[in-house]
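The values are calculated or read from the model by the stated rules, or taken from the named source; none is laboratory data. Everything quoted here is computed from the prediction, not taken from an experiment. Ideal geometry is used to build each Cβ from the backbone, glycine not excepted, and the neighbour counts take in all protein chains shown. For the accessible areas, the whole protein counts, side chains as well, though only heavy atoms, and no ligand, DNA or RNA atoms are used. Shrake-Rupley method; radii C 1.70, N 1.55, O 1.52, S 1.80 Å.
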Amino acid sequence: MRVKRRLFTHLFVALAFFSMMMALSQATIVQTGTGTQSIQSSDENWGGYVVVSDYLSPQPVLNAVMGSWIVPSIPTNSFFGTTNRVSEWVGIGGSALASDGNLIQVGTEEISYAYGGGNSYFAWYEMVPGNASAVQVFSVSPGDVINAFIQEVGTGNSYTISIIDSTNNNYYQHTFTYSPDKTSAEWIVEKNLSEPLSDFNVIDFGPAYTSGNYNNVHDQANGSDLNIGQLPNYEVTIKNTGGTTLAYPSALGSDQSSFTMTWQNPS
């Protein structure tokens with residue numbers, strides 16, 4: 001089964017502080033269209049966007065997240081190939097700013113098995129710590145439009161996870177007792193640390209033809225829905241330990257919500 005997802009452990013606080021003081025190559029400030037600052041960062045297995053309630057003094061206010069993306073197609077391995085995989089998800093919690101690192105996630109995954117074992121495409125959810133591994137809920141296909149939601153229920157420690165394949169009308173929803181850290185939310189393409197990153201070409205988050213809002217969060221403090229660009233956010237590139245770029249996000253679109261992830265190297 002899948003390796004448990006590790007937490008986003010880069011030193012975001014230090015990067016944010018020094019980036020706001022001076023122009024550093026490790027964390028370059030980019031001015032977005034709405035005036036909110038975005039920090040460029042990197043991680044060994046996460047790529048995409050992470051939002052926080054505040055760079056230097058985060059408050060637990062993000063209690064719902066929504067994301068949309070298109071399931072990519074990946075190559076099938078030959079008989080001599082290794083197992084490759086990639087996953088896409090939205091989540092609440094798990095950044096270095098979190099007090100406990102509790103993370104709740106829902107998404108899709110694509111696997112090309114070794115020795116010509118074929119490909120697998122499926123939807124899943126996971127809670128860290130909690131599940132021993134991701135729980136598969138239904139199969140998906142390349143090109144399917146996915147809409148995923150995580151939302152706190154009431155004022156207690158209950159969260160509803162929903163994932164919809166609007167192309168094939170598959171749907172999963174369940175409410176769990178869980179308490180994620182609410183200082184961050186994520187829209188992520190993830191590489192398994194022990195396996196090569198599948199060549200997914202480009203993954204489109206928030207395609208224009210999905211209906212309603214997408215790639216946004218609910219701010220519990222003021223009761224408003226905010227998109228990525230309306231909050232302090234990290235634009236995260238996947239890089240290996242040697243600094244080679246494996247996959248990278250685009251800048252946010254004019255809606256300050258949509259973006260793409262582009263594959264570059266397997267490992």
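Looking at this structure, is Ser25 open to solvent by 40 Å² or more (accessible area, probe 1.4 Å) and modelled with pLDDT of 95 or more?
No, not satisfied.
Of all residues in segment 128-138 being over 15 Å from Leu103 (Cα atoms) and touching an Asp or Glu at 6+ places or on another chain (Cβ under 9 Å), which is least open to solvent (accessible area, probe 1.4 Å)?
So in segment 128-138, the residues over 15 Å from Leu103 (Cα atoms) come out as 136-138.
Retained after the next criterion (residues that are touching an Asp or Glu at 6+ places or on another chain (Cβ under 9 Å)): 136, 138.
Details: Gln136: 99, Phe138: 30 Å².
Of everything passing the filter in segment 128-138, Phe138 is least open to solvent (accessible area, probe 1.4 Å).
Taking segment 49-86 only, how many residues are of a type in the set (Ser, Thr, Tyr), open to solvent by 60 Å² or more (accessible area, probe 1.4 Å) and in contact with an Asp or Glu (Cβ under 9 Å, 6 or more places away or on another chain)?
The qualifying residues number 2.
Which condition number does Asn216 fail, the rest of (1) open to solvent by less than 30 Å² (accessible area, probe 1.4 Å); (2) in contact (Cβ under 8 Å) with a residue 60 or more places away in the chain; (3) more than 17 Å from Trp89 (Cβ to Cβ) being met?
Looking at each condition in turn, Asn216 falls short on (3).
May I ask you to verify whether Asn169 is within 17 Å of Trp124 (Cα to Cα) and out of contact with any strand residue (DSSP E or B) (no Cβ under 7 Å at 6 or more places or on another chain)?
Yes: the conditions hold for Asn169.
Suppose we filter segment 246-267 for residues that are farther than 24 Å from Tyr55 by Cβ, under 14 Å from the mean Cα position of the chain (by Cα) and open to solvent by 60 Å² or more (accessible area, probe 1.4 Å); how many remain?
Residues flagged as farther than 24 Å from Tyr55 by Cβ, under 14 Å from the mean Cα position of the chain (by Cα) and open to solvent by 60 Å² or more (accessible area, probe 1.4 Å) within segment 246-267 amount to 0.
When segment 144-199 is examined, which residues are found to be of a type outside the set (Val, Ile, Thr), open to solvent by 40 Å² or more (accessible area, probe 1.4 Å) and under 13 Å from Thr108 (Cα atoms)?
Phe149, Asn170, Tyr171, Tyr172
So Trp46 ticks every box in (1) touching a Phe, Trp or Tyr at 6+ places or on another chain (Cβ under 8 Å); (2) modelled with pLDDT under 90 but one. Which box is left unticked?
The failed condition is (2).
Name every residue in segment 227-245 that is buried (at least 22 other Cβ atoms within 10 Å of the Cβ) and under 16 Å from Asp199 (Cα atoms), in order of residue number.
Passing the criteria: only Ile238.
Just the residues that are touching a Phe, Trp or Tyr at 6+ places or on another chain (Cβ under 8 Å), in contact (Cβ under 8 Å) with a residue 40 or more places away in the chain and over 15 Å from Asp43 (Cα atoms), please, taken from segment 237-261.
Within segment 237-261, Ala251, Leu252, Gly253, Ser257, Ser258, Phe259, Thr260 meet the criteria.
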